[in-house]
Amino acid sequence: MDFKQVEAFVNVVRFKSFSKAADATFFTQPTISTHIRNLEKELGVQLLDRRSRVVEMTPQGAKFYKYAVEMINVRSLAIETLRGSADKIEGILEIQTSSIPGVTFLPEFMAGFRKKHPDIQYYVSLSDTQAVIDNIGERRGEIGFIGIDLSNNSFLTTKVASDQVVMIAPKNYGLDGSISMSEAVGYPFIWRETGSATRSTFEATALELGYKKDVFEVAALFDDMDAIIRSVEAGLGVAVISKKVASSLGNRVSIVEINDFKDARDFYMIQLKSTSLSPAAEAFAQFVKDSVK
């Protein structure tokens, strides 16, 4: 088994595309395809389902993937140790993040780390909190950023930032300052997907105050933060989002605090326990920890 074959397989899984994997690794697409065909031939199983537009793993591929990532990371760590080149950090660092960290503090961490290690490249996947947890658990990424504190023995968790949730409303609603939860439920809401930690936290608080989920009028459901903001701006309804994100919108929307919902939210960096990180991921995780001390 050749490490180039294993790396080709891992990169196609990460990028869900032969062409994107080729671009990211500076190989040609035929070379990537050949590596994976030879690997499948040696293993005697099909690792990838090539029939759809987005390349996905077969069940056998999913079983092999976690071992493939571990092999690559251990190999990289061994080489770095023998070379004694701890200051030379390079490669592609795959990060999984929920939307709020992805558009607030994470870019600053990435920029600061790349100033120290200019040979680093990032592949960032933006999704909801539950998807981030699932993807890190399945080793689709080494480092994740989410909006909940995991009580899970499988993950290492580090608090990295805090924020508050506010409501944004169309300018023509005439809202300003703050309102109560009883007033907030009278407006049509634009929600994030059900895996969103922001939505889950807000719904949990509303439930504690006696408001069930079905009391909210749902105007729309989006899995994209920009679409939510533009929909609020257009007058479709209100939404609950990060105060840091809302503060960056200028006067495009009205920012309204909900009196019954002022608790700060914490955000966390997560990684799998008992799993070797690549030198790049190990260095990045330590950089983040040092930055928030």
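The values are calculated or read from the model by the stated rules, or taken from the named source; none is laboratory data. Predicted model only: the values in this text are computed from it and were never measured. Here Cβ is always computed from backbone atoms with ideal geometry, including for glycine, and neighbour counts include all displayed protein chains.
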Which numbered condition PHE284 misses (of (1) in a strand (DSSP E or B); (2) crowded, with 19+ Cβ neighbours inside 10 Å): (1)
Region 29-58 - residue that is part of a loop (DSSP other than H, G, I, E, B) and out of contact with any helix residue (DSSP H, G or I) (no Cβ under 9 Å at 6 or more places or on another chain) and, of those, nearest to PHE3 (Cα to Cα): GLY44
Number of positions in region 126-144 that are charged (D, E, K, R), without any contact (Cβ under 8 Å) to a residue 60 or more places away in the chain and not in a helix (DSSP H, G or I): 0
Identity of the residue in region 197-239, β-branched (Val, Ile, Thr) and not in a helix (DSSP H, G or I), that ends up nearest to GLN130 (Cα to Cα): VAL218
Selection count where residues are touching a residue at least 40 places away in the same chain (Cβ under 8 Å) and within 23 Å of GLN121 (Cβ to Cβ), scope region 26-56: 1
Of residues in region 182-214 being at pLDDT 80 or above and basic (Lys, Arg), the one surrounded by the most Cβ atoms within 10 Å (Cβ to Cβ): ARG192
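Surrounded by fewer than 20 Cβ atoms within 10 Å (Cβ to Cβ) and either in contact with a His (Cβ under 7 Å, 6 or more places away or on another chain) or outside any loop (DSSP other than H, G, I, E, B) (or both): is that true of ARG265 in this structure?
On the way: surrounded by fewer than 20 Cβ atoms within 10 Å (Cβ to Cβ): yes; either in contact with a His (Cβ under 7 Å, 6 or more places away or on another chain) or outside any loop (DSSP other than H, G, I, E, B) (or both): yes.
Taking the combined requirement at face value, the residue satisfies it.
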Filter result (of a type outside the set (Gly, Ala, Ser) and surrounded by fewer than 17 Cβ atoms within 10 Å (Cβ to Cβ)) within region 224-235: ASP224, ASP226, ARG230, GLU233
LEU126 surrounded by 16 or more Cβ atoms within 10 Å (Cβ to Cβ) and assigned by TED's automatic domain parsing to the domain that holds VAL245: no
Members of region 114-135 that are under 24 Å from ARG75 (Cβ atoms) and either of a type in the set (Lys, Arg) or modelled with pLDDT of 95 or more (or both): ARG114, LYS116
Unmet requirement for THR194, which otherwise passes all of (1) more than 22 Å from the chain's Cα centre (by Cα); (2) assigned to a loop (DSSP other than H, G, I, E, B): (1)
Tabulated pairs, region 89-113, first under 26 Å from ILE72 (Cα atoms), second of a type in the set (Phe, Trp, Tyr) and assigned to a helix (DSSP H, G or I), C-beta under 6 angstrom, 6+ apart or interchain: LEU93/PHE284; PHE113/PHE284; PHE113/PHE287
Selection status of GLU56, in the same structural domain as VAL13 (by TED's automatic domain parsing), farther than 30 Å from SER247 by Cβ, among the acidic types (Asp, Glu) and touching a strand residue (DSSP E or B) at 6+ places or on another chain (Cβ under 8 Å): yes
Single unsatisfied condition, GLU233 versus (1) in contact with a Lys or Arg (Cβ under 9 Å, 6 or more places away or on another chain); (2) under 30 Å from LEU272 (Cβ atoms): (2)
